[in-house]
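First the structure, in the form of structure tokens, and then the observations on it.
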Amino acid sequence: MSHPYVIVSAPVPEDLRTSIEANFNIVDVPVGKRLEDALDSDRLQEIAGIVCTVRTKLDEGVMASMPKLRVISNFAVGFDNVDVAAANARNILVCNTPRVLDSAVADLVFGMIIILGRDMLNGDTYVRDGTWASKGAPALTRDIRGKTLGLLGMGRIGRVVAKTAKAFDMNVIYHNRNRCSDAESEGLAEYRDREALLAEADFLSIHVPLTDATRNSIGERELKIMKSSAYLINTSRGAVVDEQALVEALKSGEIAGAGLDVMVKEPLPAESPLCSMRNVVLQAHVGSGTVETRRAMIDLATRNLIDALTNKQPEAMVNPQVWGSKAE
Ligand code: 8YV
């Protein structure tokens, strides 16, 4: 009997491809390419599993074209590219890569906090373009120490950011859909309601998933509540922030600056007004983008795929009830 077919649409290294090939036939699809454009319907009908990046959209229609599909293994912790309700209805297991990227993302958040707080983009230009030599020392900036970091979302990544902030002697406050008494009793952060969080934060860092409830949830109203000296940091999903409102708030001085690893449209077009703002630090969706972290992520994503298809409970399931229903 021939091995089941699995789609690989993620940067799976050779050694891991070999472990997949021990039990499955690999069907390669270029990263980000629509599966329904890359493969004909006969091939799609044979697919039992997929490992893909967040750039592969998996909606009800494409799932319907793969009647044998049993697992979608996302090479990401976020899974807003997958219609999980449609997967549930079809008993398709969805897996992701939590935990292994927490520190890398937290490091990027802190890089942005320091670059913004100490005005390092302008500081760098000040040296390079000779202003230092012609005008002398630049204007003073402000301490990070003693400032208030507001965390919108207190999941795994939020907690690592909170721990890092403690080492910088920052005050850490958070808002989360459900209060996190464990984080509070560990002394990681104090709870605030949403408005108080926005109003008190000197740095507001977003750590919520993109859902119908969070889409555009930081908009004109929220940006107005923030201090004019505050910075917004987003390493979650671009669409959580109303980008147009953010551009306006940055232009009018409603907030002091922003650090963005994620945008509504990626790659961010170079014509975006954000690209010419000197109080904005931009990164190309690289929160998890280190050699070590990406390797740990692809290890986990590959393990999740193989385990699910060989009846071993995968380590990281988004909809474990599907696994439960399979086991019955
Ligand atoms: C991407 C991410 O997965 O984990 C997430 O949710 O958005 C990123 O880590 C990464 O770009 C690999 O596709």
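The values are calculated or read from the model by the stated rules, or taken from the named source; none is laboratory data. Since the structure is predicted, the reported quantities are computational estimates derived from the model, not experimental observations. Note that we place each Cβ from the backbone using ideal geometry, even for glycine, and neighbour counts take in every protein chain shown. Keep in mind that these areas ignore ligands, DNA and RNA; they rest on the heavy atoms of the full protein, side chains included. Shrake-Rupley method; radii C 1.70, N 1.55, O 1.52, S 1.80 Å.
Of note:
- Filtering region 265-288 to residues that are within 11 Å of the ligand (Cβ to nearest atom), open to solvent by 40 Å² or more (accessible area, probe 1.4 Å) and small (G, A, S) leaves only A284.
- Matching residues, region 121-159, being open to solvent by less than 40 Å² (accessible area, probe 1.4 Å) and either assigned to a loop (DSSP other than H, G, I, E, B) or closer than 27 Å to T293 by Cα (or both): G130, G136, I144, L149, G150, L151, L152, G153, M154, G155, I157, G158
- Residues satisfying the stated conditions in region 88-103, i.e. crowded, with 23+ Cβ neighbours inside 10 Å and assigned to a helix (DSSP H, G or I): none
- Pick from region 110-120, criterion over 15 Å from K147 (Cα atoms) and part of a helix (DSSP H, G or I), ranking: nearest to the chain's Cα centre (by Cα): G111
- Taken together, the residues in region 197-225 that are among the aliphatic types (A, V, I, L, M) and open to solvent by less than 10 Å² (accessible area, probe 1.4 Å) amount to 7.
- Taking region 1-48 and the helices (runs of 4 or more DSSP H) fully enclosed by it, the elements with 1 or more residues that are open to solvent by less than 30 Å² (accessible area, probe 1.4 Å) and without any contact (Cβ under 8 Å) to a residue 40 or more places away in the chain are at 35-38, 41-46.
- Within region 84-105, tally of residues that are in contact with a strand residue (DSSP E or B) (Cβ under 9 Å, 6 or more places away or on another chain) and within 16 Å of the ligand (Cβ to nearest atom): 5
- Scanning region 289-327 for residues that are more than 15 Å from the ligand (Cβ to nearest atom), in a loop (DSSP other than H, G, I, E, B) and among the β-branched types (V, I, T) gives a single hit, T310.
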